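Working notes, beginning with the structure itself.
The values are calculated or read from the model by the stated rules, or taken from the named source; none is laboratory data. Keep in mind the model is a prediction, meaning the values are calculated, not measured. Cβ placement follows ideal geometry from the backbone for every residue including glycine, while neighbour counts extend to all protein chains displayed. Heavy atoms of the whole protein, side chains included, go into the accessibility calculation; ligands, DNA and RNA do not. Shrake-Rupley method; radii C 1.70, N 1.55, O 1.52, S 1.80 Å.
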Amino acid sequence: MKDRTSYKHLTQEIDTESSPGRILGTILGTIAVTLILNALALRYIDQYPFNRGYWLVKEKWNILSSLQAPVDALILGDSSANQGIVPEQFTKETSFSSLNLATIGNMTMANDVYMLQDYISRFGAPKEVVIVHVYDMWERNLAHTLLAKTSIPWYALDSLTPSPNLSSREKVEFFLTQYVPIYAENKTLATVIMNKVFGPEKLFQKRMHIETTGFMPVQKANPDRVRNDMKKHLRWLENRSFKLSDINQKAMQELIRLADTHSMHVYIANSPLYEGMFDEEPFRRYYKAMQNSLRDLSNQSDFVHFLDMTVVFPADEMQNLDHLTQQSAVRYTQMLVEAISNSKKR
Amino acid sequence: MLFNSFEFLLFFILVYGAYLAFSKSKSLQNILLLAASYFFYGSWDYRFLGLIAVSTVVDYFVGRAIYKAPEDAKKRRSLLLALSVSANLGILGFFKYYNFFVESFSELMKLIGMQPHTTTLQIILPVGISFYTFQTMSYTIDIYRKQIKPTRNFIDFAVFVSFFPQLVAGPIERASHLIPQFEKPRRISATQIDTGIFLILWGLFKKMVVADNAGFIADQVFNNYTNYHGVDTVIGVLAFSAQIYGDFSGYSDIARGLSLLMGIELMVNFRLPYFALNPTDFWRRWHISLSTWLRDYLYIPLGGNRKGTGRTYCNLFLTMLLGGLWHGAAWNFVIWGAFHGAILILYRLIERKPAHLDPWGGQFAYPLVLAKMLLMFILTLLGWLIFRAASVEQIVEMLSGISLDTSAKSAQLCYELFFYVSPLIMIQLYQYITRDLLILTKFRTPMRSLIYGLLLTWIFVFGVRDSLEFIYFQF
């Protein structure tokens, strides 16, 4: 009869004979299963992305990589340009074929330069380069996890100009972001598994759209968001003086070198902005300092032109503080072309 | 350094590499382990290395002195033992309980109309102090009881006190089990490595996926308890029960796994406690190293069950009360201990020989066993509510708020908790049915690889990166 007062027969740790071969097989098998699951995750995220920033960077670099023939004008910059400059309109106004490769602000101007270098190495210098950035981009540092979404391989990081100066830890994170989404994009995957597999939303659904010209149209304005954004920006501007970040400084130097070397005209402009910002003194002060700094840098080259244009829109024509709706983007593109034209006349 | 940090991974790789390189010399290995353990402990707070060193030195020499004392020198032996116990309890008492006792005394005096002038101090609680003081005390007590001989090698003893895998949160080892392993050359078997790998993986899963995610839900409810009622309170308590189990058993598993990789066997500290049928069964499954320590060094010396029923119940109650106090210097821990003491006594009144009954024994229907399990689980949850609450007021309010009422958040909270805990439940059910905590190591390599790969991927995807500190570190 079993001893009913004894717990020992109920839950034990029963060892099993093992061997080095079995251990090795298990370790290798575990790694293989993990790699397979990682590969499936990588494929899924590529096909059905969730993170808009990651997706935009990857998509624009894909457009660049798959370009078969040269274009006359490259449009670079951040998300304000991504949504603000319509290549068809640009082409209509200038007769130049154009491509919008603008990404997001946290890629800084370094990404503009990396894309330009890649383009030049394959097609030679374009006739024109237009770069549009939001005013607060110039202080930012390059986000290495976003850089991982470009076509730049991890082993080429040290040979980039300007150098992103990544620490060892950042290089590891760069690698993980490029190849190990189960680690680097775990929050996205966790959301997908928890909410999409077992939830009502579709698992296999394309969520974001971009045109073949690289332009990302947005139809709906969001005036409340514009005004809320303004409050956040004004808080950010409190007691702040303009300072160009190291990476942007180096990117500008490299851009000047490329422009001079290839006799390539580069036009740098400010993004469209919500008109309400210009009622605020801290913003005006900061903006003016920024313009002065960019003007001084541009003056180092005959081929780099800073467009002294300030374009504002009301809140009901914008998606956020510096993102336009498609209708307003057409107008902004026209104004940009006009400013470029005026610059040429000078 | 938390076990689930890159810093610890790097630390262990270096230590393990050197450990294997020194495999021909157990002395060198022990010196390495001692240095590594002090480094590990110092990384938490180097200021408290002195305390662990004092505890080590006192107990080493006291142990030898007790052993050397002549047979008839009972008084001397008792004094030496008292020296060891008071040194260890003194350290523990000061760092952990000084302010608690001062404040409690002050409140008591105020109740009787007095206004005492008391001074509390800003005392930092050294990590792991409750664990290593108990571990070293058991050494001297066992020598006094002539159950073991003292070790001759100071390094071996020092490693026993400070062995880094179990230093900060147990298991609380016995000298008779651990010191001989440090005294002998180690031969690491394939079985140990195999089991060690599983325990580390399983421990990381329980900690990073189950405990830390459940912890967010528990914190949400407990830290804002006035905004949560009804079913939400129940979900919060369930979440905490998952958190504390995943956290503590996860840590124990990782500690045991790391030790096995080095050829050292630590005791099993958890045996599926939520499958317990009664309180006695529960304490044979939960934090086994502490419950057996309390049984051997407190309950039995008090008389155990040898002095009549009434005295047995008193001893049980006092042991559980002090066990509760061991967990922390706060009244909710004392109440929790008292609660477990009370239900232990209650069950003894109802069941003469409470034990775990084998539901597959054929003598009892499954519904009865399941009902007992469910009742014990509910009582355990009640205890966890008391344990986790920050004040008596919170205990009362949360208990009185329990009902079947749901809120807009209930479904989401329930879904999230179930999502994180369900893999644990499935695997533990399988472990329970097969009566083998290592059942997953029995599968053939392809199936094992699949399971381990899924666990590892689950840890990567769902594991909390900025991990919450292990709960039992604060004890």
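If you go through segment B:299-309 one residue at a time, do you hit one that is open to solvent by less than 20 Å² (accessible area, probe 1.4 Å) and polar (S, T, N, Q)?
no
Checking residue B:271 against (1) closer than 22 Å to residue B:386 by Cβ; (2) buried (at least 22 other Cβ atoms within 10 Å of the Cβ): exactly one of these is not met. Which one?
(1)
Among (1) open to solvent by 20 Å² or more (accessible area, probe 1.4 Å); (2) touching a helix residue (DSSP H, G or I) at 6+ places or on another chain (Cβ under 8 Å); (3) in contact (Cβ under 8 Å) with a residue 24 or more places away in the chain, which single condition is residue A:328 missing?
(1)
Using the structure shown, decide if residue B:79 is open to solvent by 70 Å² or more (accessible area, probe 1.4 Å) and closer than 22 Å to residue B:151 by Cβ.
Spelling it out, residue B:79 is indeed open to solvent by 70 Å² or more (accessible area, probe 1.4 Å) and closer than 22 Å to residue B:151 by Cβ.
Residues that are within 18 Å of residue B:191 (Cβ to Cβ) and within 14 Å of chain A (Cβ to nearest Cβ): does segment B:235-251 have at least one?
no
Go through (1) open to solvent by 20 Å² or more (accessible area, probe 1.4 Å); (2) under 26 Å from the mean Cα position of the chain (by Cα); (3) within 16 Å of residue B:199 (Cβ to Cβ) for residue B:459 and report which single condition fails.
All conditions are met except number (1).
Looking at (1) at pLDDT 95 or above; (2) at positive phi; (3) more than 14 Å from chain A (Cβ to nearest Cβ), which one does residue B:218 not meet, given that it meets all the others?
(2)
Quick one: residue B:375 ticks every box in (1) in a helix (DSSP H, G or I); (2) within 13 Å of chain A (Cβ to nearest Cβ) bar one, so which box is it?
Just one mismatch for residue B:375, condition (2).
Being among the hydrophobic types (A, V, I, L, M, F, W, C) and open to solvent by 50 Å² or more (accessible area, probe 1.4 Å) is the filter; apply it to segment A:152-189 and report the residue that is nearest to residue A:42 (Cα to Cα).
Filtering segment A:152-189 for residues that are among the hydrophobic types (A, V, I, L, M, F, W, C) and open to solvent by 50 Å² or more (accessible area, probe 1.4 Å), the one nearest to residue A:42 (Cα to Cα) comes out as A:175.
Just one of A:243, A:344 is exposed (fewer than 15 other Cβ atoms within 10 Å of the Cβ) and outside any loop (DSSP other than H, G, I, E, B); which is it?
Going through A:243, A:344 in turn, just one is exposed (fewer than 15 other Cβ atoms within 10 Å of the Cβ) and outside any loop (DSSP other than H, G, I, E, B): A:344.
Does segment A:196-214 contain at least one residue that is on the phi < 0 side of the Ramachandran plot, assigned to a helix (DSSP H, G or I), in contact with a Pro (Cβ under 8 Å, 6 or more places away or on another chain) and in contact (Cβ under 8 Å) with a residue 60 or more places away in the chain?
No; the residues of segment A:196-214 include none that is on the phi < 0 side of the Ramachandran plot, assigned to a helix (DSSP H, G or I), in contact with a Pro (Cβ under 8 Å, 6 or more places away or on another chain) and in contact (Cβ under 8 Å) with a residue 60 or more places away in the chain.
Out of curiosity, is residue B:59 acidic (Asp, Glu) and either open to solvent by less than 60 Å² (accessible area, probe 1.4 Å) or assigned to a helix (DSSP H, G or I) (or both)?
So residue B:59 fits the description; yes.
For residue B:11, state whether it is assigned to a helix (DSSP H, G or I) and open to solvent by less than 60 Å² (accessible area, probe 1.4 Å).
Against the criterion (assigned to a helix (DSSP H, G or I) and open to solvent by less than 60 Å² (accessible area, probe 1.4 Å)), residue B:11 qualifies.
Which of the residues that make up segment B:374-421 are of a type in the set (S, T, N, Q) and buried (at least 19 other Cβ atoms within 10 Å of the Cβ)?
The one that is of a type in the set (S, T, N, Q) and buried (at least 19 other Cβ atoms within 10 Å of the Cβ): B:380.
Across segment A:144-188, what is the total count of residues that are over 18 Å from residue A:117 (Cα atoms), among the charged types (D, E, K, R) and free of Cβ contacts under 8 Å to residues at least 40 places away in the same chain?
Qualifying residue count, segment A:144-188: 5.
State whether the residues of segment B:286-294 include one that is within 14 Å of chain A (Cβ to nearest Cβ) and not β-branched (Val, Ile, Thr).
Yes, because at least one residue in segment B:286-294 is within 14 Å of chain A (Cβ to nearest Cβ) and not β-branched (Val, Ile, Thr).
Yes/no matrix, rows are residues, columns are (1) touching a helix residue (DSSP H, G or I) at 6+ places or on another chain (Cβ under 8 Å); (2) closer than 28 Å to residue A:52 by Cα; (3) buried (at least 20 other Cβ atoms within 10 Å of the Cβ); (4) small (Gly, Ala, Ser):
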site: A:226; (1), (2), (3), (4): yes, yes, yes, no
site: A:234; (1), (2), (3), (4): yes, yes, no, no
site: A:238; (1), (2), (3), (4): yes, no, no, no
site: A:252; (1), (2), (3), (4): yes, yes, yes, no
site: A:260; (1), (2), (3), (4): no, no, no, no
site: A:269; (1), (2), (3), (4): yes, yes, yes, yes
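Run residue A:276 past the list (1) open to solvent by less than 40 Å² (accessible area, probe 1.4 Å); (2) part of a loop (DSSP other than H, G, I, E, B); (3) out of contact with any Phe, Trp or Tyr (no Cβ under 9 Å at 6 or more places or on another chain) and report the number of the one that doesn't hold.
Of (1) open to solvent by less than 40 Å² (accessible area, probe 1.4 Å); (2) part of a loop (DSSP other than H, G, I, E, B); (3) out of contact with any Phe, Trp or Tyr (no Cβ under 9 Å at 6 or more places or on another chain), only one is false for residue A:276: (2).
Hey, any hits in segment B:422-445 for a residue that's in contact (Cβ under 8 Å) with a residue 40 or more places away in the chain, at the interface with chain A (Cβ under 9 Å from one of its Cβ atoms), open to solvent by 40 Å² or more (accessible area, probe 1.4 Å) and not small (Gly, Ala, Ser)?
no
Would you tally the residues in segment B:20-38 being free of Cβ contacts under 8 Å to residues at least 60 places away in the same chain, part of a helix (DSSP H, G or I) and either closer than 26 Å to residue B:80 by Cβ or touching a helix residue (DSSP H, G or I) at 6+ places or on another chain (Cβ under 8 Å) (or both)?
Result for segment B:20-38: 1.
I'm checking my understanding of the structure. Among residues of segment B:277-296 that are among the hydrophobic types (A, V, I, L, M, F, W, C) and farther than 16 Å from residue B:371 by Cα, which one is most open to solvent (accessible area, probe 1.4 Å)?
My answer is B:283.
Check B:234, B:221 and return the single one that is more than 25 Å from residue B:2 (Cα to Cα), assigned by TED's automatic domain parsing to the domain that holds residue B:458 and open to solvent by 10 Å² or more (accessible area, probe 1.4 Å).
B:234
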